[in-house]
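Chemist: Before anything else, here's the structure in question.
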Amino acid sequence: MADRKLKVGLIGLGNMGSSHARDLTDMENVELVGVCDLKKELADQFAASCCTTAYYDYKDLFARSGLEAVVIAVPHFDHTPIAIEAMGLGIHVMCEKPVSVHVNDAKKMDAAYAAAKEKFPGLVYGLMFMERTYPNYLKIKDILETGELGRLVRATWINTAWFRSQAYYNSGGWRATWAGEGGGILTNQCPHNLDMYQWLFGLPEKVSGFAHLGKYHDIEVEDEVTGYFEHANGMVGHFIVSTAETPGTNRLEIVGENGRLIYENGKITLNRNRMSMFKFLKETKESFGNVESWYTEVPSRPNIAGPHRVVLERFAAAILGHGTLIAEGHEGLNSVMLANAIMLSSHMGQGVRLPLDGDEYEAILKDRARTSRFVKTIGESVSDMSKSFGK
Ligand SMILES: NC(=O)c1ccc[n+]([C@@H]2O[C@H](COP(=O)([O-])OP(=O)(O)OC[C@H]3O[C@@H](n4cnc5c(N)ncnc54)[C@H](O)[C@@H]3O)[C@@H](O)[C@H]2O)c1
């Protein structure tokens, strides 16, 4: 039940922001007190359809709308200055993914939040990691946390279900450029998968990356990537992604001593070993045998409709004092660190240890933007965003 309405402002009314505008207008405990976009026409159009006020500069939105909370849905580089300014004013923040383009910016946001909390102890800072609400991922997390698989050996995630055409990349001047976006598939599509990886397995201690820049598309950033992760507990991870493959694959394979879990085509299957494979490999007298293993299909509910809305609802509830966030702001650093580490490793031709040297990666990124000679073709903007979300 809505006890009172939270006054929320929305910045960025493009593909993602337009969907947030619909959700925020529809939520019973939210009053959308202002929408903001640099494009005046767009802001006016949304203000009219959402019965709210248009702003063309986020500073005006902050100063004049009376908002208590803001949803930030602008291109990634602007997440950092806008969020930091909001926090300093005591405005609760829901930021789109990736929290930032590079580690240094994510750390600045965390520091700003910590500083702002001194003055505004109830300040809330959340992230739009809506894939954490997907029942299948929740089920996988539950299985891992109960320790059913025993010691984990390997996680291999092939996610090439992020197909993007050249028309998509041409649909915005900032997209797929070093200066405008700061990266490709790892920065735009895969923050969800990288967040999921670290949510399920934690951060590795060493990352090796192989990133191909503009291999299949006329872009200057990465469109095909393989990451190899080495964890302190011995587990290894493979992260294989592309925006060029169609049909694409989304297959997560997790191997533990007690069995193998596979998530593919929206279904989780599990082979349970009757004894630990480590015990079996030491004790069996057979040279080529396999441990006895039972096959199970794990029941799970389908994905809920409107996962972004769930994240927004939980954000509002956390501020109004009767709920918790889906993802807290400080959790955004890990996925950014993984993305940056893959790119840094690929650039240097050697593995990198975490935590990553943020200065080194930021310097490379700035250099790439400064020396870019890429000429961007700009085409039509994207009109239907619903097909873009993770499969
Ligand atoms: N969670 C998800 O499923 C999901 C899906 C798509 C995009 N996103 C994220 O949302 C963000 C926006 O992506 P998009 O695809 O909507 O981009 P977009 O280009 O379609 O829209 C961005 C909008 O922000 C406006 N803008 C840019 N800078 C601004 C500023 N400083 N102040 C006010 N308005 C500004 C632009 O004019 C544009 O209308 C990105 O960070 C992206 O990663 C998240």
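Chemist: Going by the structure shown, is VAL255 under 30 Å from the mean Cα position of the chain (by Cα) and assigned by TED's automatic domain parsing to the domain that holds VAL71?
Modeler: no
Chemist: I need a count of the residues in region 93-121 that are closer than 17 Å to ILE319 by Cα and away from the ligand (no atom under 16 Å from the Cβ).
Modeler: Qualifying residue count for the region: 8.
Chemist: Tally up the residues in region 156-195 that are touching a helix residue (DSSP H, G or I) at 6+ places or on another chain (Cβ under 6 Å), more than 12 Å from the ligand (Cβ to nearest atom) and among the small types (Gly, Ala, Ser), please.
Modeler: 1
Chemist: What is the number of the single condition among (1) surrounded by 13 or more Cβ atoms within 10 Å (Cβ to Cβ); (2) free of Cβ contacts under 8 Å to residues at least 12 places away in the same chain that LEU281 does not meet?
Modeler: (1)
Chemist: Moving to a separate point now. Would you check if there is a residue in region 38-57 being crowded, with 19+ Cβ neighbours inside 10 Å, in contact with a Lys or Arg (Cβ under 6 Å, 6 or more places away or on another chain) and either assigned to a strand (DSSP E or B) or among the hydroxyl-bearing types (Ser, Thr, Tyr) (or both)?
Modeler: No, region 38-57 has no match at all.
Chemist: Taking into account only those residues within region 44-77 that are in contact (Cβ under 8 Å) with a residue 60 or more places away in the chain and under 12 Å from LEU89 (Cα atoms), which is farthest from the ligand (Cβ to nearest atom)?
Modeler: Among those that are in contact (Cβ under 8 Å) with a residue 60 or more places away in the chain and under 12 Å from LEU89 (Cα atoms), it is GLU68.
Chemist: From the list VAL33, VAL124, which residue is away from the ligand (no atom under 14 Å from the Cβ), of a type in the set (A, V, I, L, M, F, W, C) and over 24 Å from the mean Cα position of the chain (by Cα)?
Modeler: VAL33
The values are calculated or read from the model by the stated rules, or taken from the named source; none is laboratory data. These figures come from a predicted structure and were not determined experimentally. In this analysis, Cβ positions are derived from the backbone assuming ideal geometry, glycine residues included, and neighbour counts consider all displayed protein chains.
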